[in-house]
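Undergrad: Before we start, here is the structure in question, set down as structure tokens.
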Amino acid sequence: MAGNSHGLFVWNGHMALIIIQRLLQSSLVLLLVAFVAFSMFRFVGDPVENLLGQEATLEDRAILTERLGLNDPLPVQYIRFVGKVLSWDFGVSYRTGVPVADMISERLPATLELALISAIFAMVLGISLGVYTAINRRGWLANFVMSTSLIGVSLPTFLIGILLIWVFSVELGWLPSFGRGETTDIGGWDTGLLTIEGLRSLVLPAVTLGLYQMTLIMRLVRSEMLEVLREDYIRFAFARGLHTKSIHQRHAVPNTLLPVITVAGLQLGSIIAFAIITESVFQWPGIGLMFINAVYFVDIPVMSAYLILVALMFVTINLIVDMAYFAIDPRIRSGAGGGK
Amino acid sequence: MGNWWQSDLFYSYRTNPVAVISSVVFVVLGLAALFAPWISPTNPFDAGSLNLMNGFTPPFSANQFTGDYFVLGTDDQGRDLVSAMLYGMRISLMVGILAVGLAMVLGVTLGLVAGYRGGWVDAVVMRLADVQLTFPSILIAMLVAGIARGLVPPDQREGMATIILILSIGLSDWVQFARTVRSSTLLEKEKEYVQAARVLGRSHLAIMFRHILPGIVSPVLVIATISLALAIIAEATLSFLGVGAPPTEPSLGTLIRIGQDFLFAGEWWILLFPALTLLLIALSVNLLGDWLRDALNPKLK
């Protein structure tokens, strides 16, 4: 247990090994996803016909087939596909004829801002409500919050969105129900966070997207906190006569946060996936809306690009969560966890 | 012993009011969906019988032009909402049940084989499951829907919509079954009755499906019930997004999609009633699943 006495970011052999192992696993997952994306492009519909339309001459078709390299052996095509993806080239959209990479960079800021704000909303409100409901376990407000959260969990995302639109846009007229409002361009990044209209447009989608994650985090923090409050060191702290507030803040809360980081990190992945639904309800011009339109119009290059992009995000998030775990829990870092 | 087990489960059922109420709600809605062609006031798919003058009739009142009465009102085309919902529920439930059936057959088979055979079969199936679990199942369902739509000629997409839905939800949902069945199989296959069957010279297939499978039915049942609620919501989500059941053959999700368009104009009922029905179904199945999980869990007895 020597590792316990080290500082936070100690790099030892055990940790390096595990991180290298995780990196290899992640690359394997990404290669597999790239294979699925490649197979979609190659075998779902005829790429040449989709790009040229049905009126193209045989000669045109032959030229494009050669140019796309469709005459080469399949492994060669796959390797070339991976190479192109690595240089951020996802081909051309069947429907619009625009390079998919351009569509993504145009729409990615909208999705990332939405995901970020709803993740912050979910974390901040989820943790504070979780701590509150755990400390005031018998209070009427805590009980009310808990039972309301049950309803929130069983509502599908799109119904939450519609419900919010109904109340806050249609009936009360307080907040906009679609689009991003006014955006400002800062260095190629289209942000909606700098204008009042942009921020107002963000409220309903962010709440819709974050609500489920918020209830999840809240319930998790609550049960962890209740668990921690029963531990001996907390009871000794009370016995020593420390202030209730300082016990909660300095001893109980930090110890509940470890599992929360894992779950919250993994939930960030589902936020990006569920953004598809939210973006569709609010006509939010992000990559989720782009994806669902691609599914509707069978725009294969856009679909496979989205798949690769989301896989990349998920794998990165998982890696970061693993590392955060290392940084926080000394038992895993020193390798002592495995010996138990 | 079988009878005793069953009566034990039944005792837990009739002493649990939540289980009784939710099962009654589910059975009533299910029967209504099943017999929709006989009990529904009008045929919502018969475009000839619709009267556009009846469009946007509010609920609980007669139409101001034609004087026709519709309990829950009509949509933009004058379609009776009760009928549309009965038929919509039929599609939602059918897709949900068949999708879970597909996921169950696929997951149970893969899980049994992976757990029983072990080795590379196990490794491949479980790595595949891990990769799929990295992504939320609704995303997988959308992806499969997109691929399936691409493989079907454009003019047949509407006709194949139900099959595409079942396929995409079923393929997105097998992992839970496979993982549970695999871990139970790993435990069961070491037990004496399996070794006895092996000594008696029964084939591997027979051991897996006739001996091991009956012993691990209860966790499969629990997962199937919870999956059903998720599948019904997934179907509604896909249809709401426009890549599920088409407007010509609307499911509850499609009706909600249509209803959202009219929300701003104040025609709230086209949205509200299908949404409430969907919630009622999902909630009752969910509560049933919760009860079943507790009732079949030996640790809680």
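The values are calculated or read from the model by the stated rules, or taken from the named source; none is laboratory data. Small disclaimer: the values here were computed from a predicted structure and weren't measured. Glycine gets a Cβ as well: all are built from the backbone with ideal geometry, and neighbour counts include every protein chain shown. Surface accessibility is based on the protein's heavy atoms, side chains included, excluding ligands, DNA and RNA. Shrake-Rupley method; radii C 1.70, N 1.55, O 1.52, S 1.80 Å.
Undergrad: DSSP loop (so not H, G, I, E, B), at most 13 other Cβ within 10 Å: list which trypsin sites (Lys or Arg not before Pro) in the stretch A:73-112 pass both filters.
TA: none
Undergrad: Still on this model: Once both axes come from the Cα atoms, what is the angle between helix B:161-171 and the longest principal axis of chain B, in degrees from 0 to 90, rounded to 10?
TA: For helix B:161-171, the angle is close to 30 degrees.
Undergrad: Based on Cβ point charges of +1 for Lys and Arg and -1 for Asp and Glu, what charge dipole magnitude is obtained for chain A about its Cα centre, in debye rounded to the nearest 20?
TA: That gives chain A a dipole magnitude of about 1920 debye.
Undergrad: Helix A:196-229 against the longest principal axis of chain A: what's the angle in degrees, Cα atoms only, rounded to the nearest 10?
TA: 50
Undergrad: Skip the ligands, DNA and RNA, and give the accessible area per residue of the protein assembly as shown with a 1.4 Å probe, whole Å².
TA: Per residue, the protein assembly as shown has an accessible area of 49 Å².
Undergrad: I've got another one for you. Just want to confirm a number: the relative contact order over the stretch A:96-296, from Cα pairs under 8 angstrom separated by 6+ residues, in percent.
TA: Working: 240 pairs, mean separation 65.7, N = 201.
This gives 33 percent for the stretch A:96-296.
Undergrad: With a/c under 1.5 counting as rounded, go ahead and sort chain A into rounded, prolate or oblate using the C-alpha gyration tensor (a ≥ b ≥ c being the square roots of the eigenvalues; past the cut-off, prolate if a/b is larger than b/c, else oblate). Mind dumping the intermediate values first?
TA: Values: a/c = 2.97, a/b = 1.51, b/c = 1.96.
In terms of gyration-tensor shape, oblate.
Undergrad: Of B:Trp269, B:Trp38, which has the most accessible area with a 1.4 Å probe, and how do the rest follow in descending order?
TA: I get B:Trp38, B:Trp269, largest accessible area first.
Undergrad: Considering only DSSP states other than H, G, I, E and B, which GluC sites (Glu not before Pro) in the stretch A:131-221 qualify as loop sites with at most 10 other Cβ atoms within 10 Å?
TA: none
Undergrad: Tell me which of A:Leu164, A:Ala62, A:Met103 sits at the most positive position along the dipole axis of the stretch A:60-167, charges placed on C-beta atoms (Lys, Arg +1; Asp, Glu -1).
TA: Projecting each Cα onto the dipole axis, the largest value belongs to A:Leu164.
Undergrad: Report the accessible surface area buried between chains B and A, summing both sides, using a 1.4 Å probe on protein heavy atoms only, in Å² rounded to the nearest 100. Walk me through the numbers before you get to the answer.
TA: Details: alone 15900 and 18860 Å², together 31660 Å².
Buried area (both sides, nearest 100 Å²): 3100 Å².
Undergrad: Now a separate question. What order do A:Met323, A:Met103 take when sorted by accessible area (1.4 Å probe), most exposed first?
TA: A:Met323, A:Met103
Undergrad: Using a simple spin-label model with points 7 Å from Cα along the Cα→Cβ vector, what separation in nm is obtained for B:Phe264 and A:Arg230?
TA: Once both label points are built, they end up 5.3 nm from each other.
Undergrad: When only alpha-carbon atoms count, how far does the stretch A:96-296 stretch along each of its three principal axes, as whole angstroms with the largest first?
TA: Sorted largest first, the three principal extents are 70, 37, 32 Å.
Undergrad: Run the reach check for A:Lys245 against aspartates and glutamates, Cα to Cα strictly under 17 Å, same-chain hits fewer than 8 apart removed. What comes back?
TA: By straight Cα distance, A:Lys245 reaches A:Glu231.
Undergrad: Could you work out the relative contact order of the stretch B:219-280, using alpha carbon pairs under 8 angstrom and six or more residues apart, expressed as a whole percent? All intermediate terms of the calculation are to be shown ahead of the outcome.
TA: Details: 62 pairs, mean separation 13.9, N = 62.
Relative contact order of the stretch B:219-280: 22 percent.
Undergrad: May I ask you to derive the relative contact order of chain B, considering only C-alpha pairs under 8 Å and at least 6 residues apart, and to give it as an integer percent? All intermediate terms of the calculation are to be shown ahead of the outcome.
TA: On the way: 422 pairs, mean separation 65.6, N = 301.
So the answer I get is 22 percent.
Undergrad: Under a 1.4 angstrom probe, counting protein chains only, how are B:Met126, B:Met94 ranked by accessible area, largest first?
TA: The most accessible residue leads, giving B:Met94, B:Met126.
Undergrad: Right, something else. With just the Cα atoms defining each centre, how far is the stretch A:172-208 from the stretch B:116-130? Give it in Å.
TA: What the calculation gives is 46 Å, centre to centre.
Undergrad: How much of the accessible area of the protein assembly as shown, in percent, comes from carbon and sulfur atoms when a 1.4 Å probe is used?
TA: C and S fraction of accessible area: 65 percent.
Undergrad: Quick one: compute a quarter of the convex hull surface over the Cα atoms of chain B and quote it in nm².
TA: Mean projected area of the Cα convex hull: 19.5 nm².
Undergrad: Please label the shape of the protein assembly as shown as rounded, prolate or oblate, based on the square roots a ≥ b ≥ c of the eigenvalues of the alpha-carbon gyration tensor (a/c under 1.5 means rounded; beyond that, a/b larger than b/c means prolate, else oblate).
TA: rounded
Undergrad: Place a +1 charge on the Cβ of each Lys and Arg in the stretch A:124-230 and a -1 charge on the Cβ of each Asp and Glu, then give the dipole magnitude about the Cα centre in debye, rounded to the nearest 20. Don't skip to the answer; put the middle values down first.
TA: Details: 7 positive and 7 negative charges, 129 e Å.
That gives a dipole near 620 debye.
Undergrad: Once the dipole of the protein assembly as shown is set up with Lys and Arg at +1 and Asp and Glu at -1 on Cβ about the Cα centre, which of B:Ser251, B:Thr74, B:Leu280 lies farthest towards its positive end?
TA: Result: B:Leu280.
Undergrad: Related question: Go through B:His211, B:Gln156, B:Gly146 and say which Cα lies farthest out towards the positive end of the charge dipole of the stretch B:83-240; charges sit on Cβ, +1 for Lys and Arg, -1 for Asp and Glu.
TA: Result: B:His211, furthest along the dipole toward the positive end.
Undergrad: Could you work out which residue, out of B:Asp122, B:Asp75, B:Asp130, moves most in a Gaussian network model of chain B, that is, has the largest mean-square fluctuation with Cα springs under 10 Å?
TA: Highest fluctuation among the options: B:Asp130.
Undergrad: How far is helix B:119-134 tilted, in degrees, relative to the longest principal axis of the Cα atoms in chain B, given as a value from 0 to 90 rounded to the nearest 10?
TA: 30
Undergrad: With the Cα gyration tensor of the stretch B:243-287 giving a ≥ b ≥ c as the square roots of its eigenvalues, does the rule (a/c under 1.5 for rounded; else a/b larger than b/c for prolate; else oblate) give rounded, prolate or oblate?
TA: oblate
Undergrad: May I pose another question? Taking the Cα centre of the stretch A:96-296 as origin and charging only Cβ (+1 Lys, Arg; -1 Asp, Glu), how large is the dipole, in debye to the nearest 20?
TA: Rounded to the nearest 20 debye, it is 1120 debye.
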